[in-house]
Amino acid sequence: GQQLNQSPQSMFIQEGEDVSMNCTSSSIFNTWLWYKQDPGEGPVLLIALYKAGELTSNGRLTAQFGITRKDSFLNISASIPSDVGIYFCAGQLWTSYGKLTFGQGTILTVHP
Amino acid sequence: DTGVSQNPRHKITKRGQNVTFRCDPISEHNRLYWYRQTLGQGPEFLTYFQNEAQLEKSRLLSDRFSAERPKGSFSTLEIQRTEQGDSAMYLCASSLVGQKGNTIYFGEGSWLTVV
């Protein structure tokens, strides 16, 4: 089945630094989504990408849908302590609408 | 709060007991999904409904699991004869078909611990 490889697995950064994480797939997706999850809570949608090559921003977050449709990245600029959490990428195919395939997550720690 | 609502948020049960979780989706959403998440992993798809029809089930959904959405609004997920391996967070999500890209929104999850 499809698998998403998300990297890095964890990051320890200083407040104010920029962060970059990415996700690659063995097969194509039609939609890429990025979620943030705090401990004990459900994933919260950050950015949704619907078209290959699309670059979308949400405040300090920027994400891109790779041209090959097999990858996506998420950048966070000027990190702050509340950015701490687990970031997940997820891919979706039109042929299986609703069935998201998730990456393993990137654990982000921000030191004040 | 008009987001996806789940209850109970936490449940501790003895092995062999039955448990039921409830999910209330975002009110105008016609699709409802159940996912399961274990520690250190991303969520895994279990099943989804469009209105009251259950359209797809994962092979992860053994015959001890049953999900219903009787009136096309709220949904329940029942686990019968629970096993320790069922311990996980059960996530409900919803979306509106026809909305751009079928964006899926998750609830806060229901933690299950089987002892």
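The values are calculated or read from the model by the stated rules, or taken from the named source; none is laboratory data. Model, not experiment: these values are computed from the prediction. Cβ sites come from the backbone with ideal geometry, for glycine too, and all protein chains shown count toward neighbours. The protein model used for the area step is the full one, side chains on, heavy atoms only, and it has no ligands, DNA or RNA in it. Shrake-Rupley method; radii C 1.70, N 1.55, O 1.52, S 1.80 Å.
Observations on the structure shown:
- With the convex hull drawn around the C-alpha atoms of chain B, the volume per residue stands at 101 Å³.
- Charging the Cβ of each Asp and Glu at -1 and of each Lys and Arg at +1, and nothing else, the dipole of chain A about its Cα centre rounds to 480 debye.
- Accessible surface of the protein assembly as shown, 1.4 Å probe: 49 percent of it comes from carbon and sulfur atoms.
- Interface residues in region B:72-115 - accessible area drops by 40 Å² or more relative to the isolated chain, probe 1.4 Å: B:K100, B:G101, B:N102, B:T103, B:I104, B:F106
- B/A buried area, accessible surface, summed, 1.4 Å probe, Å²: 1700 Å²
- The residues of region A:22-52 occluded by other protein chains by 40 Å² or more of accessible area, set against the chain on its own, are A:G40, A:E41, A:P43, A:L45, A:Y50; surface from heavy atoms, 1.4 Å probe.
- Placed amide H near A:S27: partners under 5 Å, 5+ positions off or other chain: A:Q3
- Charges were assigned to the Cβ only: +1 to each Lys and Arg, -1 to each Asp and Glu. The resulting dipole of chain B about its Cα centre is roughly 220 debye.
- Unit charges at the beta carbon, dipole of the protein assembly as shown: most positive-side option, B:Q80, A:T68, A:W34: B:Q80
- Note on the protein assembly as shown: the C-alpha convex hull projects to 12.3 nm² when averaged across all orientations.
- GNM flexibility winner over chain B from B:S94, B:S27, B:S62 (Cα, springs under 10 Å): B:S62
- Potential lengthening between A:T68 and A:Y50 on full extension [0.36 nm per residue; Cα-Cα distance subtracted]: 5.2 nm
- Qualifying GluC sites (Glu not before Pro) in region B:13-115, DSSP loop, other Cβ atoms within 10 Å at most 12: B:E28, B:E83
- Cα-based Rg of region A:46-86 normalised by 2.2 N^0.38 Å, two decimals: 1.24
- Förster radius 25 Å - calculated FRET efficiency between B:Q17 and B:K57 (Cβ-Cβ, nearest 0.05): 0.60
- For B:T13, net neighbour charge (Lys/Arg +1, Asp/Glu -1) across residues whose Cβ lies under 15 Å away: +3
- Charge tally around A:M11: other residues with Cβ under 12 Å, Lys/Arg +1 each, Asp/Glu -1 each, net -3.
- Karplus 3J(HN,Hα) series, Hz, for region B:71-79 with 6.51 cos²θ - 1.76 cosθ + 1.60 (x for Gly, Pro): 10, x, 10, 6, 9, 10, 10, 10, 10
- Chain A, accessible area per residue, ligands and nucleic acids excluded (1.4 Å, Å²): 46 Å²
- Kirkwood hydrodynamic radius of region A:36-112, from the reciprocal of the average inverse Cα-Cα distance over all distinct pairs: 13.6 Å.
- Listing of region A:92-112 residues, each with accessible area lower by at least 20 Å² in the full protein assembly than in the chain alone (probe 1.4 Å): A:Q92, A:Y97, A:G98, A:K99, A:L100, A:F102, A:Q104
- Around the amide H of A:G66, modelled in the peptide plane, lie the amide H atoms of A:G53, A:D71, A:S72, A:F73, all under 5 Å away and 5 or more residues distant in sequence or on another chain.
- Residue-count net charge about A:G105 - beta-carbon cut-off 13 Å; Lys, Arg +1, Asp, Glu -1: -1
- Loop-located trypsin sites (Lys or Arg not before Pro) in region B:40-91 whose Cβ has at most 13 other Cβ within 10 Å (DSSP): B:R59, B:R64, B:K71, B:R81
- Relative contact order [Cα under 8 Å, 6+ residues apart], chain A, whole percent: 36 percent
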